[in-house]
Amino acid sequence: MQAGKNRINPDRQNLQNPRNSDIAQTDPEVADLQVQDALKLEATWLFLSFRPNSANVQNDVTIVGGGIVGLATAYQILSAKPGIKLTLIEKENEVGRHQTGNNSGVIHSGIYYKPGSLKARNCIDGYNRLLHFCDQHGIRYERCGKLIVATSEVELPLLDNLFKRGNENGLANLRMLGKEELREVEPHVSGLAGIYVPQTGIIDYLEVALKLSELIRHAGGTVVLNEKVIDIQTDSTNVVLATDKRTHTSKLAVNCAGLYSDKIARLTTPALDVKIIPFRGEYYKLRKEKEYLVKNLIYPVPDPNFPFLGVHFTRMIQGGVEAGPNAVLAFKREGYRKTDINVGELAESLAWPGFQKVALKYWKTGFGEMYRSFSKAAFTKALQKLIPEIQESDLIDGGAGVRAQACDRKGGLVDDFLILESGKVINVCNAPSPAATSSLSIGHTVAEKVLKRLVD
Ligand SMILES: Cc1cc2nc3c(=O)[nH]c(=O)nc-3n(C[C@H](O)[C@H](O)[C@H](O)COP(=O)(O)OP(=O)(O)OC[C@H]3O[C@@H](n4cnc5c(N)ncnc54)[C@H](O)[C@@H]3O)c2cc1C
């Protein structure tokens, strides 16, 4: 089955969001956890408490969120402890509908991340686990390698730092390339120097998510779709998750709700110090007749102060070449179009003290990204730094994804993965890129925590 954001499956065309659906509609059921659910909450608990017991599902562990992180966590728990009673709850009618199904599809090598950080460790471990998983289950991927290109003098020391960092992170066979050598790898690229990273690959993460979901079910776990978690309550022995349909009682819960992970965490940790700020990443696709301009993956040198990698060229495993994503503040957490606005969610982002500090610190970069979002000419100009031959007319709309980026109160865009344990709930509060690459490793880490807690 063809899967992923380029998949042409009529069943998926009516789904909310997706990158390549022109008819993406706003589903009011999904839209605003805070406003709608605050109103419904009291009534729901009252209603649920009068329902017969069949409306209450009894588990050892309940996981919120059927993205790749929640699925990988469920899979790792069931692999380590077959027979455990586990339910995963996803609010959409299919797994992988949000970040997991709307990303660049790159298997990251781990070159960028601070040595010793969770990102560095989980990326490299996750990389190995992912490739092994794909080999075991016949999931297509390609280790095609990528080029990181410095296009100005100021980027040269940053490129050197990246090279050192890659070596410190244990990446073998990285090659520093001069101007001419760059063209041997990517004939249409222009730059002063570059790093060739042989480990980087491409994959369809939605395909991985669907396989994980299938394996969870085969292992006796339950994947519930179309059910939205709206409240969580704990007592001395149990954690009870209320959905819009029933309750799920278990010994532990794991929150992998991606763009809503802070909202779910706040249900049991009201003083949570981070907020998810949604950043939309918009893509263009290269016209078929221009795909020859890109052999594999071409990236700029990233701004070390910014958590995003800069617009790049990516050959997709399903075919085609994408250019992007940029990073603009999304006016709605699951808002894939420029016109998608949720006033409550936008107001929350703007009112968060941490975001105000980020906006002040990065206003110049932010305006640049906004400008490129509205001006295709400006987007093209950014791409021309890497491939001067690219013209505006070579690019067609490629949809968008929305990143869940945690921002702390003090104004830090949280760089590392963040897993917070609070009572009977383990919250994965920051799982941005490369969390798809790292998913099986993050899942393994969380599974260890869950199993340790169940034994203790
Ligand atoms: C534009 C873009 C490009 C990226 N490129 C890459 C890349 O090339 N390589 C890489 O490794 N990573 C990449 N990433 C990052 C990667 O996609 C994410 O880190 C990863 O998918 C996070 O997975 P997740 O399961 O945490 O979140 P998600 O996939 O967003 O899943 C969270 C799930 O929780 C569900 N949910 C939320 N609230 C509730 C609720 N109340 N009740 C029930 N369910 C709920 C949602 O519906 C959703 O399905 C990219 C991300 C984006 C957006």
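The alpha-carbon of LYS164 sits under 20 angstrom from the alpha-carbons of these aspartates and glutamates, leaving out residues fewer than 8 places away in its chain: ASP125, GLU153, GLU155, GLU181, ASP303, ASP415, ASP416.
A Cβ-based charge dipole, computed about the Cα centre of the chain with Lys and Arg at +1 and Asp and Glu at -1, lands at about 280 debye. Below 12 angstrom from the Cβ of SER190, what's the summed charge of the other residues (Lys, Arg +1; Asp, Glu -1)? That sum, taken over residues with Cβ under 12 Å, equals 0.
Counting only alpha carbon atoms, the long axis of helix 68-80 and the longest principal axis of the chain meet at about 60°. Net charge near GLU142: determine it from the other residues with C-beta under 14 Å of the C-beta of GLU142, scoring Lys and Arg +1 and Asp and Glu -1. Once all neighbours under 14 Å are counted, the net charge is +2. Counting other Cβ atoms within 10 Å as a rough exposure proxy, the listed residues THR380, THR73, THR365 run THR365, THR380, THR73 from fewest neighbours to most.
Rg then Dmax, both in Å and based on the Cα atoms of the chain: 21.7, 73. Taking every DSSP helix (H) stretch of at least 4 residues in the chain, weighting each as -39,500 (n - 2.57) and dividing the sum by the residue count yields a mean residue ellipticity at 222 nm of -10500 deg cm²/dmol.
GLU421's amide H: which non-local residues (gap 5+, or another chain) put their own amide H closer than 5 Å, with H modeled 1.01 Å from N in plane and none for Pro or chain starts? Result for GLU421 returns ASN427. Remark: for residue pairs LYS119/LYS288; LYS91/LYS263; LYS119/LYS228; LYS146/LYS381; LYS146/LYS410, the C-alpha separation exceeds 25 Å in LYS119/LYS288; LYS119/LYS228; LYS146/LYS410.
The stretch 435-456 and the stretch 118-169 have their alpha-carbon centroids 22 Å apart. The packing ranking of peptides 134-147, 80-93, highest mean first, is 80-93, 134-147, where packing means the average number of other beta carbon atoms within 10 angstrom of each residue.
A simple rule links phi to the HN-Hα coupling: the Karplus curve 6.51 cos²θ - 1.76 cosθ + 1.60 with θ = phi - 60°, which for the stretch 277-284 gives 9, x, 10, 6, x, 9, 10, 10 Hz, with x for Gly and Pro.
Relative to the longest principal axis of the Cα atoms of the chain, the long axis of helix 205-218 makes an angle of roughly 30 degrees.
Here the gap between GLN384 and ARG453, fully extended at 0.36 nm per residue and compared with their Cα-Cα distance, gives a gain of 19.6 nm. Between the Cα long axis of helix 155-168 and the first principal axis of the chain there is an angle of about 50°, rounded to the nearest 10.
Where a number appears in this text, it was derived from the coordinates with a stated rule and is not lab data. A quick note: this is a predicted structure, and the numbers were derived from the prediction, not measured. Positions of Cβ are backbone-derived with ideal geometry, glycine not excepted, and every protein chain shown enters the neighbour counts.
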